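Here is the structure we will look at, set down as structure tokens.
Read-outs: derived from the displayed coordinates by stated rules, not from any lab. Not measured: the values here are computed from a predicted model. Glycine gets a Cβ as well: all are built from the backbone with ideal geometry, and neighbour counts include every protein chain shown.
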């Protein structure tokens, strides 16, 4: 069978590919001695590889295995020969390998077909492509066509078929209650008949009326939150399926620890290196609720303005007067800050807080020195401190660190973005 679309996901199943069987049971009954040897050997090799007790093993040409991680049931799909033609084949097996059902679909005329790009959508539904190789009866020319096939996996029946005509599609991306059909840039580059559209279907195969021209495709490692939102790993962000970034971390790379969605609020816990952060996002109102500081787990972050006074969590008032950047042209970059701290309380002395600068991967450089108490009505004014780092390191913000944060304080973490 010839393919016009990339065939990387197909495992070519030949007798020489598999190791010899180690005495598995449930072999088919022999018909004659030659047929029995071929059938038995092929059956044992497939059973050794998949754990499935297939019917008519000799006829199987292409095979791919998918295991349902919830039920541990196994699906095999690909093609088998019938009347000298390869035909679409998909089957389902119990965890012990017993056959539950199988579908063998034969095209009419001089055509061959196979089942490709199998994806489990939910507990009762799977989607795959019915790939047809149409060979002209008058010449050796052929064309490849694809149909989207929805299978009821409880009953083992095809419930829907969507024909794309002479345009081919090779990628199915499950979401939650919907899925995408599209072609990767690689597919479009090697296949002149690969379609450029992105289709959104519900899990029954009904096309959704979404503005597909602006859809952003989740990458392999991205985390799907719902049918319109996912967490992008690079840059680390909460992204709408329709392209808009809802929230972007200060860091390029992050790792999702856990997330929950309750009452239309997304609670996201993630790690930057060994530090942890949380974000809360209101999905219904489309707005950020909390963006916490690494390690704090509960406080809002405010990106402050240069020259403006803010109340910090230690009850000091703080003004960052300026940030000056310089470079020695020999590989070192300098970050000079000038700031003032004021104790406008009447309740007691407060230890000075410090600053740190942070890069896009969460690496920190701390302020060092001798720090003392600031008494009520007193201040530290126009203090200057200089950080330095390699010129190759991109530092993205400066943060104030209270030394004596008031327990239960709701005052925000204060950050200032470093100019580019």
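Here are the numbers for this structure:
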{"quantity": "Distance (nanometres) between label positions extended 7 Å along Cα→Cβ at residue 119 and residue 208", "calculated": "1.1"}
{"quantity": "Cα-projected label distance for residue 248 with residue 404, points at 7 Å along beta-carbon direction, nm", "calculated": "4.0"}
{"quantity": "Spin-label proximity, residue 394 to segment 210-242 - amide N less than 12 Å from point 7 Å beyond Cα toward beta carbon", "calculated": "235-236"}
{"quantity": "Length released on extending from residue 260 to residue 349, taking residue separation times 0.36 nm less the Cα-Cα span", "calculated": "27.9 nm"}
{"quantity": "Segment 155-260: mean projected area of Cα convex hull, nm²", "calculated": "8.7"}
{"quantity": "Distribution of pairwise C-alpha distances over segment 346-420, 10 Å bins, in %", "calculated": "15, 43, 31, 10, 1"}
{"quantity": "Pair residue 379, residue 81: separation of 7 Å Cα→Cβ label points (nm)", "calculated": "9.0"}
{"quantity": "Mean Cβ neighbour count within 10 Å, used as a protection proxy, ranking 412-420, 112-120, 210-218, 75-83 highest first", "calculated": "112-120, 75-83, 412-420, 210-218"}
{"quantity": "DSSP-defined antiparallel bridges as percent of all bridges, segment 316-355, nearest 5", "calculated": "100"}
